[in-house]
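Let me begin by presenting the structure, written as structure tokens, before commenting on it.
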Amino acid sequence: MSNTIGQLSADAIAARLSGSAEAREALVREGAEAGLAEAPAVYGQMLLDRGREREGFAWFNRAAAQGHLMALNMVGRCYDLGWGVSVDKVRAAECFRVAAERGLDWGMYNYAAALALGAGLARDRKAALAWFRKAAARGHAKSFNYVGSFHEDGDVIERDLARAAECYLLAAQGGDFRGQFNHARLLLETGRADEARPWLERCATTATPAFREKARSWLCGSPWSELEGIF
């Protein structure tokens, strides 16, 4: 092309972004190759979403080497789940730890999950809760859900259903489907089925297939089995 991405006008960039998926990908790749701040990480995610996991992993590594924290977190996710690279839980946990300590909420969440499960490092539920709380303090919806579960279960802290309910509500409002289900579940258990239904419906629209099946099974065996059709 005659113009580099740095020479394109805002209108020209907008026109290409509104074009085909291939045009958008080509534009982002130009930005990535030109070293624009967010482009390598964005391009890595685009490749990952298109099933080109090995290429995506390479671009995440490139962006992480430039200090991009979300890219570093995604390198961890790739090692954690085997996206474009062999599973390596130890390296995954290390990526999450560094991203967490540098202030990334998603890094905090993933590092907390690794600590809670003992994935790639020693299991430490108390430390996991501390990291979930740090991420939640930054408004991370999924972390609110896990803080709620610690309070509901009385795991490493005293059981506190009122605080669990508060956390589940914040997770639900933030768009986390697990938080939406847990918020609805507590509403059902306190006789507020009319309030619970909309949250179950929201959950059903974004939950993974595995979680929808789990929710359906729970409702089927509950006093509110008529709601299982939502999932």
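One table, with the values for the structure above:
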read-out	value
Residue in the stretch 97-104 that is modelled with pLDDT of 95 or more and over 21 Å from the mean Cα position of the chain (by Cα) present	no
Total residues in the stretch 115-128, condition touching a Lys or Arg at 6+ places or on another chain (Cβ under 9 Å), assigned to a helix (DSSP H, G or I) and open to solvent by less than 40 Å² (accessible area, probe 1.4 Å)	2
Matching residues, the stretch 75-89, being β-branched (Val, Ile, Thr) and either closer than 16 Å to Ala99 by Cβ or buried (at least 21 other Cβ atoms within 10 Å of the Cβ) (or both)	Val75
Pair list, Cβ under 8 Å, 6 or more apart: the stretch 125-141 residue free of Cβ contacts under 8 Å to residues at least 60 places away in the same chain, other residue open to solvent by 20 Å² or more (accessible area, probe 1.4 Å) and among the polar types (S, T, N, Q)	Ala141/Gln173
Residue list for the stretch 34-74, restricted to those being outside any helix (DSSP H, G or I), open to solvent by less than 70 Å² (accessible area, probe 1.4 Å) and in contact with a helix residue (DSSP H, G or I) (Cβ under 8 Å, 6 or more places away or on another chain)	His68
Listing of helices (runs of 4 or more DSSP H) fully contained in the stretch 129-231 that carry 3 or more residues being at pLDDT 95 or above, over 23 Å from Trp106 (Cα atoms) and open to solvent by less than 70 Å² (accessible area, probe 1.4 Å)	177-189, 193-206, 209-220
Residue in the stretch 76-94 that is in a loop (DSSP other than H, G, I, E, B) and either among the charged types (D, E, K, R) or at pLDDT below 95 (or both) present	yes
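The values are calculated or read from the model by the stated rules, or taken from the named source; none is laboratory data. All figures in this text were calculated on a predicted structure; none of them were measured in a lab. We place every Cβ from the backbone using ideal geometry, glycine too, and count neighbours over all the protein chains shown. What goes into the accessible areas is simple: the full protein's heavy atoms, side chains included, and nothing from ligands, DNA or RNA. Shrake-Rupley method; radii C 1.70, N 1.55, O 1.52, S 1.80 Å.
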